[in-house]
1. Taking just the alpha-carbon atoms of the range 28-262, what radius of gyration and Dmax come out, in angstrom?
2. Write down the accessible area per residue of the chain in Å², having rolled a 1.4 Å probe over the full set of protein chains.
3. Over all directions, average the projected area of the Cα convex hull of the range 63-157 and note it in nm².
4. Of GLU96, GLU183, GLU53, which has the largest mean-square fluctuation in a 10 Å C-alpha GNM of the chain?
5. Once the other residues with Cβ under 14 Å from the Cβ of ILE213 are scored (Lys, Arg +1; Asp, Glu -1), what is the net sum?
6. Given a 1.4 Å probe and the protein chains all in place, what does the accessible area of SER21 round to, in Å² to the nearest 10?
7. Just grab the label-to-label distance for TRP51 and GLU220, each label 7 Å out from Cα along the Cβ direction, in nm (one decimal).
8. Cα to Cα, under 30 Å, and not fewer than 8 places away if on the same chain: which lysines meet these conditions relative to LYS36?
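The values are calculated or read from the model by the stated rules, or taken from the named source; none is laboratory data. In this text, all values refer to a predicted model and were calculated from it rather than measured experimentally. Cβ coordinates were reconstructed from backbone atoms using ideal geometry, including for glycine residues, and neighbour counts include every protein chain displayed. Surface areas here come from the heavy atoms of the whole protein model, side chains and all, with no ligands, DNA or RNA. Shrake-Rupley method; radii C 1.70, N 1.55, O 1.52, S 1.80 Å.
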Amino acid sequence: MTEEKLALLGGRPIVDRPLGSDWPIYGKEEEEALMKVLRSRQWWRGGYGDWKESFVGRFEDAFAAYQHAKWGIAVTNGTQALECALKAAGVEPGDEVVVPALTFVASATAVALVGAIPRIVDVDPATYNISTDAIADQINERTRAIIPVHNGGFPCDMDAINALAEKKGLTVIEDCAHAHGSEYKGRRVGALGHLGAFSFQQFKTLTAGEGGIVLTNDDELAEKAFSFMHIGRLSGRPFYEFHRIASNLRMTEWQGAILLAQLSRFDEQVEIRERNSQYLAQQLDRLGYLKPLPRDFNVVTRWCFYYWNFKFVPEAWDGVHRDTFLKALRAEGVPCSVGAHGEPIYRNPVFQRMNFGRTGFPIRCPCCGTWRLDYRQVFCPEAERIYRTEACSFPHALFLGPRDDMDLILEAINKVYRHRSQLLTYQKEKETE
Ligand SMILES: Cc1ncc(COP(=O)(O)O)c(C=O)c1O
């Protein structure tokens with residue numbers, strides 16, 4: 001049988017239809033909810049006598065309960081959810097916060113936005129999540145908090161991180177922007193540490209286009225987060241009485257209404273993704289030249305991913321690079337990339353150019369201390385290796401179709417692997433161009 005040519009080299013792609021689902025998914029529930037807000041003429045949450053009766057208030061309660069948390073404080077987006085959580089935790093100029101190298105830049109810039117200094121550390125090569133040893137190495141007398149990011153929705157090693165934080169008196173703020181619904185040992189992320197921050201931006205698994213929420217089990221932290229969300233007000237106090245320097249981070253009723261409707265669809269979507277991704281993981285494991293993340297089902301009891309990370313095994317590809325593999329797979333009609341972010345965060349111009357404005361605040365500002373941190377010196381070997389040669393990912397909406405879609409993805413992967421010698425020739429030609 002003559003083999004089909006790779007699509008990258010002019011052959012017919014394996015996939016000739018969209019895989020998974022368009023995103024976001026919506027229906028008459030969202031349309032009705034938006035019309036209700038419109039007709040109510042209450043387009044902000046403050047129009048209700050009791051704030052909890054608003055769409056936003058009801059969503060806060062519903063989502064907090066869904067994530068096994070006591071309190072939810074809805075905000076404008078995920079970056080400001082992190083800022084709000086950091087402020088509630090009492091992180092201030094001169095403090096340091098430990099963050100992982102593999103994440104979206106906001107996990108670190110939110111720290112700088114509250115005037116503190118992000119310490120960027122390496123990740124665990126098995127899970128791509130922050131390494132507890134790397135955190136321990138960077139703790140000093142100025143460290144106030146740790147931000148474990150559940151990268152791709154895969155829960156961090158929260159027992160180890162919480163134990164270290166307790167020993168050192170640090171606050172743990174989970175960055176859950178990728179992990180709505182994920183479970184660690186039967187408990188959902190968000191209030192496994194002291195506080196959690198979520199994003200509801202367009203591509204996230206629960207979305208209103210933009211939005212965010214802070215979760216916590218701690219009454220005092222909840223009260224502070226509420227105040228930082230609401231221009232420094234305190235609940236139960238007069239409306240024109242302000243207690244803190246704080247911004248307006250209030251979520252609109254449009255977002256609250258959409259999010260409530262989206263939450264009612266969420267479990268069904270999680271089940272479809274879990275079913276398809278577990279099938280794909282089993283099949284990849286058999287191939288040997290690509291590997292799923294090692295999942296212990298007693299620890300990661302539910303994996304609700306924003307993107308599904310898996311590993312390229314360079315030794316099995318006879319010299320073909322991970323990037324060439326991804327290019328060939330995309331040409332076969334399968335959307336795939338390197339995480340969502342592509343580079344360890346310290347490689348962004350803001351850090352490489354030490355672009356902190358005229359005063360250098362907070363990184364190089366004398367009022368934050370006399371030390372200097374130079375991000376051009378930061379180098380995390382595992383994060384570098386993972387992003388340059390190993391990490392691959394599929395977007396979550398790819399998993400929302402039937403099982404047949406997974407078989408098509410596998411067929412495309414197999415085709416690319418079978419043609420790896422041609423792919424190597426192509427790669428060498430490109431290198432000499
Ligand atoms: C890990 C992580 N944290 C924080 C954020 C910030 O969320 P937002 O875009 O809603 O500000 C994102 C956004 O993608 C993210 O991926």
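1. So, for the range 28-262, Rg and Dmax equal 17.3, 56 Å respectively.
2. Details: 18630 Å² over 433 residues.
Accessible area per residue: 43 Å².
3. Numbers: hull surface 25.3 nm².
That works out to 6.3 nm², a quarter of the Cα hull's surface.
4. In the Gaussian network model the winner is GLU53.
5. Working: positive: ARG45, ARG58, LYS70, ARG188, LYS204, ARG250; negative: GLU60, ASP61, GLU83, GLU174, ASP175, GLU210.
Spelling it out: positives minus negatives among the neighbours equals 0.
6. For SER21, solvent-accessible area is about 40 Å².
7. With each label point 7 Å from Cα toward Cβ, the separation is 2.0 nm.
8. Straight-distance partners of LYS36: LYS28, LYS52, LYS70, LYS204.
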